[in-house]
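See below for the structure under consideration.
The values are calculated or read from the model by the stated rules, or taken from the named source; none is laboratory data. All values derive from a computational prediction rather than experimental measurement. Cβ coordinates were reconstructed from backbone atoms using ideal geometry, including for glycine residues, and neighbour counts include every protein chain displayed.
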Amino acid sequence: MIAFAVPFALWLTAKLLVALGLMLGVVLVVIWMELKWSAHIQSRVGPWYVGGRWGWAHPLAEALKFLQKEDLVPDDADDKVFRLAPYVMLAGTIATFVVIPIGPSVVARDLDIGIFYLLAVSSLSTLGVLMAGWSSGNKYSLIGGIRAGAQLIAYELPLVLALVAVAVQAGTLSLTGIVAAQATPLFHIGSTGISLPFVLSGQIIGFVVFIIASLAELNRTPFDLPMAESELTMGYVTEYSGLRFSMFFLGEYAGMVSMAAVVSTVYLGGYWLPGLSNDLLDWLGPFVLVGKIFFIVFLFIWFRWTWPRIREDQLQQLAWKWLIPLTLFNIVATATLKVVF
Amino acid sequence: MTQLDGRGIVEVSDGGVSVELKGETMTLNIGPQHPSTHGVLRLVAEVDGERIAKLEPAIGYMHRGKEKLAEVRTYAQITALINRIDWVSGFANEVAFIRAVEQLMGVEPAPRAQMIRLILTELTRISNHLVFASSYPLELGAFTPLMWAFREREHIMDVIESATGGRFHPNFNRVGGVKPAAGGGKTQKKVSLDLPAGFYAAVENAMDRAELACDELDDLVTGNEMIQMRAKGVGIISYDDVIAYGISGPNARASGVPTDLRKLETGLLPYEGIDFDVITRENGDAFDRYLVRILEIRESIKIVRQAIGSVPDGPLQAKVPRVLKVPPGSIYVRAENPKGEMGYYIVSQGGRIPYRVKIRSASFSNISILSKVAVGQLIPDLVATMGSLDFVLGDVDR
């Protein structure tokens, strides 16, 4: 038993470390991209010196800076919850990657109920935010945390309903299955099969709604209400410093990457690219997926540096008056088309 | 609909069903250190959830004793003090004061200097409004307008610096005129004792850039639905409240009060020959206050373009005695500062220093409305209202 268990544990640890390293690597690149793109949007240069060229090492330098800061826990804080909150937030976003396929046969775990799992763990990050807000012993943090909770009511339903339509069209809840469904030819021109990602084959409403709802889930502008720097100083992270703050920071960007990975898998065809065989995609798939992730992340960054923040009640109105009816319509339309064709 | 009665905030739904949301209120200290209080304003808010039940501005964190300091300084030294009151529009602060002293002394300033004062005042106004137009979206959560507007504002700062030697605190006015050329001393002797070469071209260029900034802000901010969602119908100040609270400047004009001291107080600066409109709006909400300022930038650009064509030749300085002695008497002079009415009440008992200088600053009166409009608002609306009043703490506390 033990002879078997040890290699398995080692193998698992190795896999985990590689996966974590890859993901954090992508996250660091995304942080750098945000610094650079926001700079160019604002006619600035952005990071320039660190690392010699284009300031590529800037996120690493910032991480080092955070490491050196004092780890403060306020007197009034609920100590244990306060310390745990950043990790809950980070864990939720990283756990998403378990079901994201990065190649036809490269996936950590192809769950049959992939979408359910996805929605369950991606909501965990809100729990982290709530914990941070509640335990900080700061009124601004508290308001920020409660706002995050209220925000959940607005975006979670459109998020789920948008994915329902995808599940109907694909006929499966497994993410590998969803990518496979997008790779299946829709129609033929001559002998060439034409296959389209879901965003081009009927799910455009779902795509838009999902992007809006995921912005709300990620607390990104225009829905960065829990942070709301100009209103709540820094919202739920007001009292955090040093490494714990950087965990929140990382969690935010890891959340962006994971949400972008979900969007690209579900709507943009994930690792799949037309004209590439499955053998090739096992190697090229990760790069294709990362390319699509970067595209979605670019959208997120673009929105953030263009738009202001809206109010909590306006978010609720947007969600309940527009997004949910739209997704319901989308489900009906998708189901009807599915039956007709 | 939200109403406030004695017990707390009552939510009245459209159907007429009254649901009482009554909980413990909590006291939220907004400031003195807070990103959107423009420095060290402190607002003691009693909030029920996010809704504000009571709000009390606590000021004085930036009291620098300007009025007292002015009592022990000569008139020429005081200009250096008072351009730090509202540091975003330093030059405009100086002009009203120096005009007051000139009128007390009976000195007629040089016409050329008057026109240069007018140009620089309007440049200051544009610069101030650009700061507002960039920082207001920041309070609503949009970062990019800040950078775009500041980029164009830099051209105006360059022009002001080239003429006066200072970007924020020009200290350019003297009794009887303006200080010729930047600097003095041995190395500066060769500098021409007038505006620098290429000044008018630089101003023209800066005006083009400011116009560009307005166009960009219109694209990015004014037409943005989310900005309108956040700012329209928020923090409405009625016509009567403007009068009752002594609100002035763009804040008053946004509520439909057509007060503009550039038109009313003739004789301070030569505005008579210049064709410009007083911008007013009717709604009096945060969005109108934003819009008035954007439109005023365009008006000021118009003014500057007319003024640089009509600067008369002549000396920059009228004949004044070497030692300034102001005869006994008192005077109140008010002028249109970018933020509103800036007034100086000067009492002289003769001699080189004033007996008393009372400074009436625009921001102080403008933020006094906060405790009235904020009641019943949400915290995000409070920030939207506060930002739209465009105050500077140095101007509030002096």
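For the list (1) farther than 24 Å from residue A:240 by Cβ; (2) surrounded by 16 or more Cβ atoms within 10 Å (Cβ to Cβ); (3) of a type in the set (Gly, Ala, Ser), I need the number of the one condition that residue A:51 fails.
(2)
Taking the stated definitions as given, is residue B:270 within 23 Å of residue B:83 (Cβ to Cβ) and either more than 17 Å from the chain's Cα centre (by Cα) or assigned to a strand (DSSP E or B) (or both)?
Criteria met by residue B:270.
Please determine, by comparing only the residues of the range B:1-57 that are within 22 Å of residue A:143 (Cβ to Cβ), among the polar types (S, T, N, Q) and in a strand (DSSP E or B), which one is modelled with the lowest pLDDT.
Ranking the candidates gives B:2 first.
Take the range A:209-244 and flag every residue that is more than 20 Å from residue B:37 (Cα to Cα) and either without any contact (Cβ under 8 Å) to a residue 24 or more places away in the chain or within 14 Å of chain B (Cβ to nearest Cβ) (or both).
A:212, A:215, A:216, A:219, A:220, A:221, A:222, A:223
Any residue in the range B:130-147 that's without any contact (Cβ under 8 Å) to a residue 24 or more places away in the chain: show its pairings with residues that are among the basic types (Lys, Arg) at Cβ separation under 7 Å, as long as the two are six or more apart or on different chains.
Correct list of pairs: B:141/A:309; B:147/A:44.
Just checking, how many residues over the range B:226-256 are under 12 Å from residue B:385 (Cβ atoms) and free of Cβ contacts under 8 Å to residues at least 24 places away in the same chain?
Of the residues in the range B:226-256, 0 are under 12 Å from residue B:385 (Cβ atoms) and free of Cβ contacts under 8 Å to residues at least 24 places away in the same chain.
Answer yes if at least one residue in the range B:349-372 is in contact with a Leu (Cβ under 8 Å, 6 or more places away or on another chain), within 14 Å of chain A (Cβ to nearest Cβ) and either in a strand (DSSP E or B) or farther than 15 Å from residue B:241 by Cα (or both), and no otherwise.
Scanning the range B:349-372 turns up no residue that is in contact with a Leu (Cβ under 8 Å, 6 or more places away or on another chain), within 14 Å of chain A (Cβ to nearest Cβ) and either in a strand (DSSP E or B) or farther than 15 Å from residue B:241 by Cα (or both).
Would you check if there is a residue in the range B:288-310 being in the same structural domain as residue B:174 (by TED's automatic domain parsing) and in a loop (DSSP other than H, G, I, E, B)?
yes
Restricting to the range A:200-231, count the residues that are under 30 Å from residue A:311 (Cβ atoms) and either aromatic (Phe, Trp, Tyr) or assigned to a loop (DSSP other than H, G, I, E, B) (or both).
Summing the residues that are under 30 Å from residue A:311 (Cβ atoms) and either aromatic (Phe, Trp, Tyr) or assigned to a loop (DSSP other than H, G, I, E, B) (or both) in the range A:200-231 gives 14.
Being away from every other protein chain (no Cβ under 14 Å) and assigned to a helix (DSSP H, G or I) is the filter here; which residues of the range B:131-170 pass it?
B:131, B:132, B:156, B:157, B:158, B:159, B:160, B:161, B:162, B:163, B:164
Quick one: residue A:113 ticks every box in (1) more than 23 Å from residue A:219 (Cβ to Cβ); (2) assigned by TED's automatic domain parsing to the domain that holds residue A:35 bar one, so which box is it?
Failing condition for residue A:113: (2).
Suppose we keep only residues that are more than 14 Å from every other protein chain (Cβ to nearest Cβ) and within 16 Å of residue B:136 (Cβ to Cβ) within the range B:190-236. Which one would you say is surrounded by the fewest Cβ atoms within 10 Å (Cβ to Cβ)?
Restricting to residues being more than 14 Å from every other protein chain (Cβ to nearest Cβ) and within 16 Å of residue B:136 (Cβ to Cβ), the top hit is B:218.
Based on this model, can you work out whether residue B:268 counts as crowded, with 20+ Cβ neighbours inside 10 Å, touching an Asp or Glu at 6+ places or on another chain (Cβ under 8 Å) and not β-branched (Val, Ile, Thr)?
Considered against the rule, which asks whether it is crowded, with 20+ Cβ neighbours inside 10 Å, touching an Asp or Glu at 6+ places or on another chain (Cβ under 8 Å) and not β-branched (Val, Ile, Thr), residue B:268 comes out as no.
Would you confirm whether or not the range A:22-32 contains a residue that is loosely packed, with under 15 Cβ neighbours inside 10 Å, over 29 Å from residue A:239 (Cβ atoms) and either assigned by TED's automatic domain parsing to the domain that holds residue A:220 or modelled with pLDDT under 80 (or both)?
Within the range A:22-32 (the criterion being loosely packed, with under 15 Cβ neighbours inside 10 Å, over 29 Å from residue A:239 (Cβ atoms) and either assigned by TED's automatic domain parsing to the domain that holds residue A:220 or modelled with pLDDT under 80 (or both)), the answer is yes, since at least one residue qualifies.
Mind listing whichever residues of the range B:340-362 are over 20 Å from residue B:270 (Cα atoms) and out of contact with any strand residue (DSSP E or B) (no Cβ under 7 Å at 6 or more places or on another chain)?
Residues satisfying the conditions are B:349, B:350, B:351, B:352, B:353.
Being within 30 Å of residue A:101 (Cβ to Cβ) and part of a helix (DSSP H, G or I) narrows it down to one residue among A:315, A:284; which is it?
Result of the check over A:315, A:284: A:284.
Specify which of the listed residues (A:175, A:186, A:159) is touching a strand residue (DSSP E or B) at 6+ places or on another chain (Cβ under 8 Å) and either surrounded by fewer than 19 Cβ atoms within 10 Å (Cβ to Cβ) or touching a residue at least 40 places away in the same chain (Cβ under 8 Å) (or both).
A:186
When the residues of the range A:275-329 are narrowed to those that are acidic (Asp, Glu) and in contact (Cβ under 8 Å) with a residue 24 or more places away in the chain, which ends up farthest from the other protein chains (Cβ to nearest Cβ)?
Step by step, filter the range A:275-329, then rank; the result is A:282.
What residue, of B:254, B:244, is among the small types (Gly, Ala, Ser), more than 17 Å from the chain's Cα centre (by Cα) and assigned by TED's automatic domain parsing to the domain that holds residue B:366?
B:244
Pull up the range B:218-238, narrow it to residues that are touching an Asp or Glu at 6+ places or on another chain (Cβ under 9 Å) and not in a loop (DSSP other than H, G, I, E, B), then point me to the one that is farthest from residue B:289 (Cα to Cα).
Among those residues, the one meeting the criterion is B:230.
Let me confirm something: among A:143, A:153, which residue is assigned by TED's automatic domain parsing to the domain that holds residue A:122, buried (at least 20 other Cβ atoms within 10 Å of the Cβ) and in contact (Cβ under 8 Å) with a residue 40 or more places away in the chain?
Checking each option against the conditions leaves just A:143.
Across the range B:180-225, what is the number of residues that are farther than 24 Å from residue B:151 by Cβ and at pLDDT 80 or above?
1
Could you please find all residues in the range A:218-270 being of a type in the set (A, V, I, L, M, F, W, C) and at positive phi?
Once the filter is applied, which keeps residues that are of a type in the set (A, V, I, L, M, F, W, C) and at positive phi, the range A:218-270 yields only A:228.
Go through (1) in contact (Cβ under 8 Å) with a residue 24 or more places away in the chain; (2) within 14 Å of another protein chain (Cβ to nearest Cβ); (3) touching a Gly at 6+ places or on another chain (Cβ under 7 Å) and name the single condition residue A:89 misses.
So residue A:89 meets the others, but not (2).
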